[in-house]
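Here's the structure we're looking at; comments come further down.
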Amino acid sequence: APVRPYVPVYLGDRVLVRLGRESGAVIRDPYGRRLTWLVPPGATRGWVVPETSWVQLLGIAQHVTVPPGWCTRSAFTHWVRGWAEHGLTDARLLYVVLDAVIRVEHGPRDGVRGAGR
C-alpha cells in the first residue's frame with residue numbers, strides 16, 4: 001500500500017498549484033483540512049518536514065478515507081485529482097515542491113538540508 005503525505009490545505013493548495021500536471025492522485029479532506037498524495041511505499045524514507053508545518057507521513061497502519069472514484073466535488077472527502085487518471089505522484093518531485101513551499105511559509109530551517117541538496 002502506498003505511503004500518504006497528509007498535508008494541511010494552507011500548504012497543500014500551493015503544492016498542488018506548483019506540481020500542476022505532474023501531480024498524481026490527490027484526496028481533499030474538508031473536515032481535517034488536508035490534502036493527501038499517494039506515493040510508492042518507502043518513497044518518503046528520509047523526508048524531513050518540520051513539526052510546525054503539520055505535515056504527516058501516513059503509512060499502511062494509518063487510516064485515510066478514500067472516496068469513490070466518481071466523487072470529485074463534495075462537501076465531504078473527495079478526489080481533487082482522480083486515482084484512475086493520475087495514479088501515484090513522483091515522491092522526489094513532491095518532496096522538492098513541498099520543501100520549497102514549507103520554506104516560503106516557515107522560512108529556512110537551520111541545520112536542515114533541503115530536498116535535492
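The values are calculated or read from the model by the stated rules, or taken from the named source; none is laboratory data. Keep in mind the model is a prediction, meaning the values are calculated, not measured. Because the Cβ atoms are built from the backbone with ideal geometry, glycine has one as well, and the counts that use them run over all protein chains shown. What goes into the accessible areas is simple: the full protein's heavy atoms, side chains included, and nothing from ligands, DNA or RNA. Shrake-Rupley method; radii C 1.70, N 1.55, O 1.52, S 1.80 Å.
Given the structure, is A25 small (G, A, S), within 19 Å of L94 (Cα to Cα) and under 10 Å from the mean Cα position of the chain (by Cα)?
yes
Restricting to the stretch 79-109, count the residues that are outside any loop (DSSP other than H, G, I, E, B) and small (G, A, S). Write out each step before concluding.
Within the stretch 79-109, the first condition is being outside any loop (DSSP other than H, G, I, E, B), and the residues that meet it are 79-81, 83-86, 91-106.
Filter once more, so that each one left must be small (G, A, S): 84, 91, 100.
Selection size over the stretch 79-109: 3.
Hey, can you tell me all the residues within the stretch 14-32 that are under 23 Å from W70 (Cβ atoms) and not hydrophobic (A, V, I, L, M, F, W, C)?
R21, S23, G24, R28, D29, P30, Y31, G32
Note down all Cβ pairs under 8 Å where the first residue falls in the stretch 37-61 and is over 17 Å from R14 (Cα atoms) and among the hydroxyl-bearing types (S, T, Y), the second is outside any strand (DSSP E or B) and open to solvent by less than 30 Å² (accessible area, probe 1.4 Å), and they're at least six residues apart or on different chains.
T44/A91; T44/Y95
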